[in-house]
There are 2 protein chains.
Amino acid sequence: MKPLYENLQVPGPVPADTLRVIPLGGLGEVGRNMTVFEIDGKLLIVDCGVLFPEENQPGVDLILPDFSAIADRLEDVQALVLTHGHEDHIGAVPYLLRLREDIPVYGSELTLAFLEPKLKEHRLQDTELHQVAEGDTTDLGPFSLEYVPVTHSIPDALAVMIRTSAGNALITGDFKMDQLPLDRRITDLRSFARFGEEGVDLFLVDSTNAEVPGFTTHEREIGPVLDQVFAQAESQVIVASFASHVHRVQQVIDAAAKHNRRVCLIGRSMERNMKIAAELGFLNIPEGVLIDSREVMDLPPERRCFMATGSQGEPMAALARIADGSHRFVELEPGDTVIFASSLIPGNENSVFRVINGLMRLGANVVHQGKSLVHVSGHASAGELLYCYNIVRPKNVLPIHGEIRHLVANGRLAVLTGVPEDNVPLAEDGVVVDLYDGHAQVVGQVPCDYVYVDGRSVGEISDEELKDRMTLGSEGFVAVHAVVEKSTGMVLAGPTITIRGVAEDASVFEEIESEVAEALAEAARPGNVPAHQLQQAMRRVIGRWVGRRLRRRPVIVPIVTEV
Amino acid sequence: MKPLYENLQVPGPVPADTLRVIPLGGLGEVGRNMTVFEIDGKLLIVDCGVLFPEENQPGVDLILPDFSAIADRLEDVQALVLTHGHEDHIGAVPYLLRLREDIPVYGSELTLAFLEPKLKEHRLQDTELHQVAEGDTTDLGPFSLEYVPVTHSIPDALAVMIRTSAGNALITGDFKMDQLPLDRRITDLRSFARFGEEGVDLFLVDSTNAEVPGFTTHEREIGPVLDQVFAQAESQVIVASFASHVHRVQQVIDAAAKHNRRVCLIGRSMERNMKIAAELGFLNIPEGVLIDSREVMDLPPERRCFMATGSQGEPMAALARIADGSHRFVELEPGDTVIFASSLIPGNENSVFRVINGLMRLGANVVHQGKSLVHVSGHASAGELLYCYNIVRPKNVLPIHGEIRHLVANGRLAVLTGVPEDNVPLAEDGVVVDLYDGHAQVVGQVPCDYVYVDGRSVGEISDEELKDRMTLGSEGFVAVHAVVEKSTGMVLAGPTITIRGVAEDASVFEEIESEVAEALAEAARPGNVPAHQLQQAMRRVIGRWVGRRLRRRPVIVPIVTEV
């Protein structure tokens, strides 16, 4: 494949007879999926999700797509269409709606049900939610939409066919092609074929598993494995999985029911989501199987099953608390069984294995994907993607949803099925692709940064400040403060050194205090030497000494108060 | 298996006719391997390695074994025996020798050659290095040692049979059982069998791969794969691997030579180690294959091969610099090939994939373990361990080298081959195992903490301070300073707020300054109110406000200067 584009300019306005695609998230990362389509001065947005921070983004709660490219165009937005209810597709919706509350939102029943609590939390009341289902069509100005069912690791997911005067775009959302899904709602390849006959000018395809050869195993193959684990379990069973994986929870509930166990849901999101899913009929809980946390401990251990969050080793989640013996009511005993019915998301290895080691230390029997078939992916593997390309036979392909390595792998698959390499633009977030006269090509790039949510602040913390945090976190800081009499330049107090997170005893710094005092006294002449000059003088001496003597580079914070 | 022991006491002195084993590192983690044997008042130490920090140990350079349990017994140490030259087995030797420089050190030729530069760096000159080889025996007071060759991912590795009056202990070091290793130096199962006949009372066995079913693939199977990749490469080839993996580098050199490429070693440790290995005859470099970094760029791209460090995504290593375009002289071009001839050590996924994405962004073809057989492990898988147990038929087994999950898996394998569960003690660092009358059992625990090397400080930073760093790193700090006149209690200046790493504009804090001023004025009465009381008053107000208003918990640093 070709390298990614470099040094692109911001493109001009959309030319006539052109469909423009502006990915604002999800291309170059796994998360914060958001794609903007534009034609005839109108915008259509598909998905608006969050990305979870990595270790080089410390303290950040969430990362949003960068809305700045469309911030002054929000009145032109015809609609926001959501393909399914995962956080990386709906999590940033409230932040977008805070900019314009009455953007019409379209999505399936479960997707909207998972969105609603978020809108409430952000006190958004004026948004119109339009429920749509497979087979429905929606006309929105220059965009004509048709919704298609796809299988994923959450029920009620949709792909969207977008018809415009400049051509048709088909966006898969997240999907796989399990031919025997639990709810028998398969990815609708008949519609994909029909669209192919009609002509798909641009096919935007989920790249997550494009590097994985072959085919994703059927979700239902997990059932017999769970059944066997439950059959052998002699004491408590604890299952950890994702709080939105309705079908996985269904299989756990079925296995528990069969083996005469009652299920206690633990973790706030697990409880809330499963309540919604059950109310809407996506989850089928047999009478008397669920049990409340206040009653479950009255059952004998061999009748208890806990369905918990925390499968990624999140330190505050239920499972981590069970592993370190600090959970409110679940107490692990030797001989208990813990099942990780979940993937191990890359980057979470240390925290997950920390939890697993903790559980095994207490004598638990731990069952996970590495040992037994207790998880399958929600995304199409390479083999499935090839089927897709051959059925749709798209004119152009834009790989979406993935890191560069996933996008490249997906693009290669498209080329293998006969799509000309020139018609497979590789794009990152912000890279603009125009579809004109049947050909899609990169025409420029709009700014697209990480937008950090941190406490109550949105977009206020910069990459520069994150670097500051990284330094503080690995090196700590040395603050030095002194009081200087403005009129005389006399040093009234200090310099005194305060340290935090530095690998030294505070007494070590006595060695340098006199040198700092000298530097300060020298810099502080009578008559209003600005504080920042005095601060500079102290910073220089301390910085040099710390680097040489301690071999570290902590943050140096000089504070001079003039009185 | 049984859960690990809890609430153990420090054991009394070693009883008569007893061999005591005190693991000071490597049991409960992958790294800092160190095992102490004691009998008749004398100590023998096997290995003394370092552990590399995880993300919850920010800023730490290295983690050492905790020597405190033997710190006042160093004169009783007969010898330190090193099984092989990896950092996790020799990296902490200088720190131990700094406590007693003349501990006699035993190891194979290559192991000692890898140790020597470390001793120089720490200016240790009085240590006697005793070179030993397979088949050699050494009598050291109550310990009689015999060295046995084992195969590992570094040449010249040894297992050690330790004979004592209380029984025989066989410690494998790190090993695998490749039956066709490159240097034909196989793990000596004939000696293992002989020891078995004689009687192995305690078998200490590498657990690293005990969870991996089957058998580790032969190192030599990588050769043809490299050959094929080199045959297809049309431009530059860059290979990343571990700087100590002599056989892997050998295979790369052979493939490069065959395909008329010259090899440039990049990365300080790669250059140094391969120089040592070549001088000692462990690495065979054909005449005219190596090329200097000053000349390599004069060759056409299709004749260049770079052998680099950085396979774990280390941001300062050669490969990461190549991936982000900042390397001193290697410039990646579209169509270049990059081979990760290395494992992906759990926990490094994010940094490794960051590098891979960077390389692919520039148009490189990236080959790694997930796609092609370009790496095999250096440790015995479950299948090999079973052979081992059946050949040795040990009376007792102590799983070493691994996290809890590895130790448990290894213990299970021993039990499967017929070792009674009661004779397979599971121990963590510091847990003391006594071998008496043919039975090994846990008798107590000595303190065994993480000892952090941080800049020039060793063991000075505590877990408490690391928590401080974690908070600083994710939340930043809010410092507030004020000057108070001691005699009158008048506030002369401030309170002024300084922030770093907090996700807010400094102006937000103006809102609280007056409230802090009031609190301070109230607390500061005439006549020497201690500064810490005034600081407390400011901390309370700010802490409460920040939590409520900003929803964050930064470190609060109140500073009051009294003049």
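Can you find a residue in region A:194-202 that is in a strand (DSSP E or B) and over 25 Å from A:GLN312 (Cα atoms)?
Looking through region A:194-202, at least one residue is in a strand (DSSP E or B) and over 25 Å from A:GLN312 (Cα atoms).
I'd like to know if region A:70-93 contains one or more residues that are in contact with a Lys or Arg (Cβ under 6 Å, 6 or more places away or on another chain), of a type outside the set (A, V, I, L, M, F, W, C), under 22 Å from A:HIS379 (Cβ atoms) and away from every other protein chain (no Cβ under 14 Å).
no
Among A:GLY59, A:GLY26, which is touching a residue at least 60 places away in the same chain (Cβ under 8 Å) and either within 13 Å of the chain's Cα centre (by Cα) or more than 14 Å from chain B (Cβ to nearest Cβ) (or both)?
Of A:GLY59, A:GLY26, the one residue that is touching a residue at least 60 places away in the same chain (Cβ under 8 Å) and either within 13 Å of the chain's Cα centre (by Cα) or more than 14 Å from chain B (Cβ to nearest Cβ) (or both) is A:GLY26.
For A:PRO447, indicate whether it is under 48 Å from the mean Cα position of the chain (by Cα) and either modelled with pLDDT under 85 or not in a strand (DSSP E or B) (or both).
When the stated conditions are applied, A:PRO447 passes them.
I'd like the full set of residues that are surrounded by fewer than 22 Cβ atoms within 10 Å (Cβ to Cβ) and not aliphatic (A, V, I, L, M), limited to region A:251-266.
Those that are surrounded by fewer than 22 Cβ atoms within 10 Å (Cβ to Cβ) and not aliphatic (A, V, I, L, M): A:ASP254, A:LYS258, A:HIS259, A:ASN260, A:ARG262.
For region B:459-494, which positions are more than 9 Å from every other protein chain (Cβ to nearest Cβ), in a strand (DSSP E or B) and more than 30 Å from A:ASP61 (Cβ to Cβ)?
Answer for region B:459-494, where residues must be more than 9 Å from every other protein chain (Cβ to nearest Cβ), in a strand (DSSP E or B) and more than 30 Å from A:ASP61 (Cβ to Cβ): B:VAL484, B:VAL491.
Can you tell which of B:ASN350, B:ASN365 is within 14 Å of chain A (Cβ to nearest Cβ), within 20 Å of the chain's Cα centre (by Cα) and among the polar types (S, T, N, Q)?
B:ASN350
Looking only at residues that are of a type in the set (Lys, Arg) and modelled with pLDDT of 85 or more in region A:485-543, which one is surrounded by the most Cβ atoms within 10 Å (Cβ to Cβ)?
This residue is A:ARG500.
Mind telling me which of the residues B:GLU295, B:GLU271 ends up being over 24 Å from the mean Cα position of the chain (by Cα) and open to solvent by 40 Å² or more (accessible area, probe 1.4 Å)?
B:GLU295
Among A:VAL212, A:VAL205, which is β-branched (Val, Ile, Thr), in contact (Cβ under 8 Å) with a residue 24 or more places away in the chain and open to solvent by 30 Å² or more (accessible area, probe 1.4 Å)?
None of the others qualify; the one that does is A:VAL212.
Of the conditions (1) buried (at least 23 other Cβ atoms within 10 Å of the Cβ); (2) in contact with a Leu (Cβ under 8 Å, 6 or more places away or on another chain); (3) in contact (Cβ under 8 Å) with a residue 60 or more places away in the chain, A:ALA157 fails just one. Which one is it?
Result: A:ALA157 passes all but (2).
Any residue at all in region A:463-470 that is at pLDDT below 90 and more than 23 Å from the chain's Cα centre (by Cα)?
Taking every residue of region A:463-470 in turn, at least one turns out to be at pLDDT below 90 and more than 23 Å from the chain's Cα centre (by Cα).
Filter region B:500-559 down to residues that are hydroxyl-bearing (Ser, Thr, Tyr) and away from every other protein chain (no Cβ under 14 Å), then give me how many there are.
Going through region B:500-559 one residue at a time, the tally reaches 1.
Table: residues versus (1) open to solvent by less than 10 Å² (accessible area, probe 1.4 Å); (2) touching a residue at least 24 places away in the same chain (Cβ under 8 Å); (3) closer than 25 Å to B:ALA382 by Cβ; (4) not assigned by TED's automatic domain parsing to the domain that holds A:GLU271.
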{"position": "A:MET316", "(1), (2), (3), (4)": "no, no, no, no"}
{"position": "A:ASP324", "(1), (2), (3), (4)": "no, yes, no, no"}
{"position": "A:LEU332", "(1), (2), (3), (4)": "no, yes, no, no"}
{"position": "A:GLY335", "(1), (2), (3), (4)": "no, yes, yes, no"}
{"position": "A:ALA341", "(1), (2), (3), (4)": "yes, yes, yes, no"}
{"position": "A:GLU349", "(1), (2), (3), (4)": "no, no, yes, no"}
{"position": "A:LEU373", "(1), (2), (3), (4)": "no, yes, yes, yes"}
{"position": "A:GLU384", "(1), (2), (3), (4)": "yes, yes, no, yes"}
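In the set B:ALA440, B:ALA414, which member is more than 12 Å from every other protein chain (Cβ to nearest Cβ), part of a helix (DSSP H, G or I) and buried (at least 17 other Cβ atoms within 10 Å of the Cβ)?
B:ALA414
Quick check on my filter: what residues within region B:66-102 are open to solvent by less than 40 Å² (accessible area, probe 1.4 Å), without any contact (Cβ under 8 Å) to a residue 40 or more places away in the chain and more than 20 Å from B:HIS401 (Cα to Cα)?
Selection gives B:LEU74, B:VAL77, B:PRO94, B:LEU97, B:ARG100.
The values are calculated or read from the model by the stated rules, or taken from the named source; none is laboratory data. Keep in mind it's a predicted model, so treat the numbers as computed, not measured. So basically every Cβ, Gly included, is an ideal-geometry build from the backbone, and we count neighbours across all protein chains shown. For the accessible areas, the whole protein counts, side chains as well, though only heavy atoms, and no ligand, DNA or RNA atoms are used. Shrake-Rupley method; radii C 1.70, N 1.55, O 1.52, S 1.80 Å.
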